[in-house]
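Nothing in this text is a laboratory measurement; each read-out follows from the coordinates by a stated rule. Just so it is clear, the model here is predicted, and its values are computed rather than measured. A quick note on method: Cβ atoms are made from the backbone with ideal geometry, for glycine too, and the neighbour counts reach across all protein chains shown.
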Amino acid sequence: MRVGNGLVKLVGLCLLAGVLVAGMLFPTVGALGVVSNRASDTVDATSADLVTTDPPLMSVVEDRNGKPIAYLYQQYRVNTPSDQIAPVMKAAIVAIEDRRFYQHSGVDWQGTFRALLTNQVNGSVSQGASTITQQYVKNYQVLVAGRDDKAAQEQAQAQTVARKLKEARVSLQLEKKLSKDEILTRYLNLVTFLGRVDGVGTAAQVFFNTTPDKLTLPQAALLAGVVNNPVSFSPWDHPQAAKQRRDQVIDAMESTGKITSDIAAAAKKTDLGVGPEPQLPGSGCVGVAPEDGFYCDYVQGYLQEAGFTSDQLQTGGYVIKTNLDPDISKIAKQAVEHNVPKTANGIANTMVIVKPGTQTHDIVALVANRDLGVDAAAGQTLTNLPADVSDNFGAGSIYKLFTTAAGMEKGQVGLNTPIPNPKSTCFQLPRHDQNTKCYPVSNDDSINPDPISLRQALAISPNTSFTKVELDAGMPAVLDMASRLGMRKTMQTNQAGKTPDPSQQSELYSVPQSQSFLNSPSFTLGVSPLSPLELANVGATLASGGVWCPPNPIASVVDHTGKPVQINTPPCEQVVNKAVADTIMNGLKDDTISGTSAAAARNAHWTRPLAGKTGTTDASESVGFLGILPNYSTSSLVFNDGSNPLPICGSLPIRTSKSCGGNVGAFGGTIAAPPFFNAFNQILGNSPVLQLPNADPAYLDKNNHGPAIPYVVGRNVGDATNALKAAGYSGVQTADFNSTAPKGTVVGQTPIGSAPHSQNVTLYVSTGFVPQAPGATSPAPTTGANTPGG
């Protein structure tokens with residue numbers, strides 16, 4: 001019987017070997033030609049992918065100084081070039097996994113037939129005899145090609161002749177396309193060393209807090225040993241097994257002549273050398289430093305709008321350097337938490353700081369008293385409070401800036417212009433008939449002068465005077481000005497702060513704010529939802545001489561090869577002329593001297609020139625302060641963020657209540673301005689005092705400033721061009737801009753506002769799509785795949 005069984009197994013071995021050789025050498029034989037050709041196509045495609053497609057690599061998000069603030073990954077891996085991997089690491093992996101690596105051509109025939117014989121005798125196909133090249137092919141199929149497909153992962157690891165056959169054929173092709181060192185380097189960058197630790201770069205850091213080029217012999221031997229089974233040979237969970245395996249690698253290196261017996265003996269006497277069991281950083285923005293969470297979250301959204309997919313960010317190995325200033329961000333975070341505690345019931349305090357400029361508006365801090373996270377009881381939220389349209393109750397009188405700019409641009413008012421300022425009045429609505437009721441407006445302070453100059457009005461913020469200016473300028477002009485200066489996403493939301501829903505009957509919800517306020521003078525009183533980030537960027541536009549730039553969190557992005565990646569971002573635009581912007585900046589300087597923030601400024605011993613504007617909503621559910629310096633623009637907003645909005649009381653500690661007792665409700669000057677002064681006394685320290693721009697004489701009084709370039713953003717490019725030419729501006733140029741707005745829609749314009757007819761105008765026209773950012777995109781992963789060698 002034994003002889004008979006042996007003959008059967010021998011015959012089986014011969015047949016199996018014949019199939020293997022025929023499958024590799026003669027892919028189109030006889031009636032099996034079609035099937036074999038398809039198999040060959042699959043082999044060709046797989047080998048091509050192996051050459052051209054990188055494995056999933058970890059991206060890192062850094063602050064402006066290059067310090068990591070977050071990691072984005074599906075597999076914890078970095079790419080390490082060959083010259084940055086210690087030779088001893090390469091020697092160790094070859095010695096233990098494939099000592100004939102440099103002699104074979106991808107398949108070790110000796111080992112393969114020996115394994116086949118063993119498998120036949122044992123009645124299984126468990127013996128692998130895989131070369132490093134074959135292991136690379138298999139690991140690639142599991143960790144890269146099949147990471148979103150559990151069935152594909154299982155197929156890639158199945159102990160079958162078919163899988164071994166394909167693996168061998170791909171390996172033979174691969175060795176013709178790549179050098180030995182390239183294959184070895186790719187293998188070391190791919191394989192799993194521990195749990196989610198993939199690739200030698202992260203393994204060196206996690207195991208030994210070092211880099212692959214600095215690995216010692218014992219360290220390299222330990223890493224080479226765990227590849228075979230990252231679970232069984234974990235030095236933290238199974239230290240004795242890990243040491244035995246490490247020493248086995250050292251012995252293998254000695255037997256291949258890579259090290260002497262003395263060096264081997266000395267290496268085996270060392271301990272494992274690993275520290276405490278590592279805690280890998282989380283992937284994403286939840287759990288990062290409290291002052292960095294919202295900024296990190298905004299970076300991800302910003303890049304996705306620019307054409308990066310979520311998968312790309314988690315697999316592309318990008319180094320994303322941001323404009324986040326860690327020192328300023330920490331100070332701002334401390335200031336808002338000092339003002340409103342993190343766990344305050346139903347009250348958020350945001351602070352956003354943007355640097356003005358004519359080429360970019362860099363965001364240096366994006367914080368709130370809350371943290372980014374899922375534990376509401378601990379003061380966490382997944383809503384990006386400082387960036388999103390999150391303040392549902394409005395910025396109050398800060399919105400009078402838009403009325404001022406629109407009236408000033410039209411020449412209907414200057415800083416010295418007297419404006420009627422009755423204690424109360426009722427205004428006729430722009431669209432009205434005999435049945436339309438007038439709109440009643442009153443001032444909070446009965447001692448406001450009547451009339452009042454625009455400069456005085458900016459400081460003490462009476463309602464009736466600004467409503468008069470708003471209606472004289474026209475609601476379309478004021479609403480357009482809000483968008484032009486920076487409230488772009490805000491003005492696209494409805495009056496609930498959401499995407500408009502055309503199915504709703506009420507204009508409050510069916511159309512954007514840019515339309516729903518056309519017949520509502522309450523806009524200048526700041527009663528609508530807004531983004532704190534966009535409000536800070538409005539100040540940056542004014543401080544930049546009227547140049548709007550998109551608020552920018554990104555300093556640079558480079559891929560894993562170090563190549564810069566271009567970001568699709570809107571160009572900067574001259575949205576009001578410099579004279580208007582400078583004059584408004586100058587007109588706001590009295591707020592901290594004799595206006596609504598004067599008391600807070602005195603309490604903080606503030607003496608620097610500052611363009612400031614406070615805001616308070618009627619029910620004190622939101623209060624704000626916009627502080628603009630020549631080199632920083634900051635919004636500080638305190639508002640309800642709970643499910644049961646109540647008035648915010650004006651006394652400390654800050655709280656909400658149906659009735660604030662003997663204390664009045666909160667005001668922008670008393671509640672929102674103090675954290676600004678707290679922060680900027682620290683941020684500026686003893687730095688030089690910068691002066692605000694002078695007011696332009698042409699805008700001190702009511703004056704005709706000549707023709708103005710129409711605002712045509714949102715129109716079809718043909719209609720926009722015709723409107724400009726009809727207004728006397730024939731020098732119209734267009735430039736394509738990648739945007740998801742309908743193709744042919746004007747999504748940007750420069751310049752806008754008062755200008756001679758000889759002024760050329762550039763329109764940025766949507767292409768109708770945002771192309772995917774450069775970099776390989778891979779399918780989403782299936783978690784839990786462990787791929788031992790062999």
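Overview of results
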{"quantity": "Extended-chain gain in nm, criterion 0.36 nm per residue less alpha-carbon gap, T216 and Q733", "calculated": "179.8 nm"}
{"quantity": "Least to most buried among H361, H104, H605, H757 (fewest other Cβ within 10 Å first)", "calculated": "H605, H757, H104, H361"}
{"quantity": "Nitroxide proxy distance, nm - points 7 Å out along Cα→Cβ at D701 and L508", "calculated": "4.5 nm"}
{"quantity": "Label point distance in nm, T358-S232, each placed 7 Å from Cα along Cα→Cβ", "calculated": "7.0 nm"}
{"quantity": "For E621, E182, order by how many other beta-carbon atoms lie within 10 Å, fewest first", "calculated": "E182, E621"}
{"quantity": "Cβ charges +1 (Lys, Arg) and -1 (Asp, Glu), total dipole of the chain, debye", "calculated": "1300 debye"}
{"quantity": "Semi-axis lengths, Å, the chain, gyration tensor of Cα atoms, sqrt of 5 times eigenvalues", "calculated": "67, 29, 22"}
{"quantity": "Förster radius 51 Å - calculated FRET efficiency between V689 and K658 (Cβ-Cβ, nearest 0.05)", "calculated": "0.70"}
{"quantity": "D49-Q772 FRET efficiency (beta carbon distance; Förster radius 25 Å; 0.05 resolution)", "calculated": "0.85"}
{"quantity": "Label-point gap, in nm, between S255 and N644 - each point 7 angstrom along Cα→Cβ", "calculated": "7.5 nm"}
{"quantity": "Å³ per residue enclosed by the Cα convex hull of the stretch 396-525", "calculated": "105 Å³"}
{"quantity": "Chain lengthening between D501 and L429 when straightened (0.36 nm per residue, less Cα-Cα)", "calculated": "23.4 nm"}
{"quantity": "Integer Hz, Karplus 6.51/-1.76/1.60 couplings in order for the stretch 758-770, x for Gly and Pro", "calculated": "6, 5, 6, 10, 9, 10, 9, 10, 5, 7, x, 7, 10"}
{"quantity": "Proximal lysines relative to K489, as straight alpha-carbon distance under 18 Å, when same-chain residues fewer than 8 apart are discounted", "calculated": "K498"}
{"quantity": "Additional length obtainable on full extension of the chain from S758 to Q515, 0.36 nm per residue less Cα span", "calculated": "84.3 nm"}
{"quantity": "Ranked S179, S520, S105, criterion: other C-beta atoms within 10 Å, fewest first", "calculated": "S179, S105, S520"}
{"quantity": "Values of log10 I(q)/I(0), in the order q = 0.28, 0.32 Å⁻¹, for the stretch 456-507 under a Debye, Cα-only, solvent-free model", "calculated": "-1.03, -1.07"}
{"quantity": "Longest DSSP-loop-exposure-free segment, chymotrypsin sites (Phe, Trp or Tyr not before Pro), the chain, at most 16 other Cβ within 10 Å", "calculated": "237-768"}
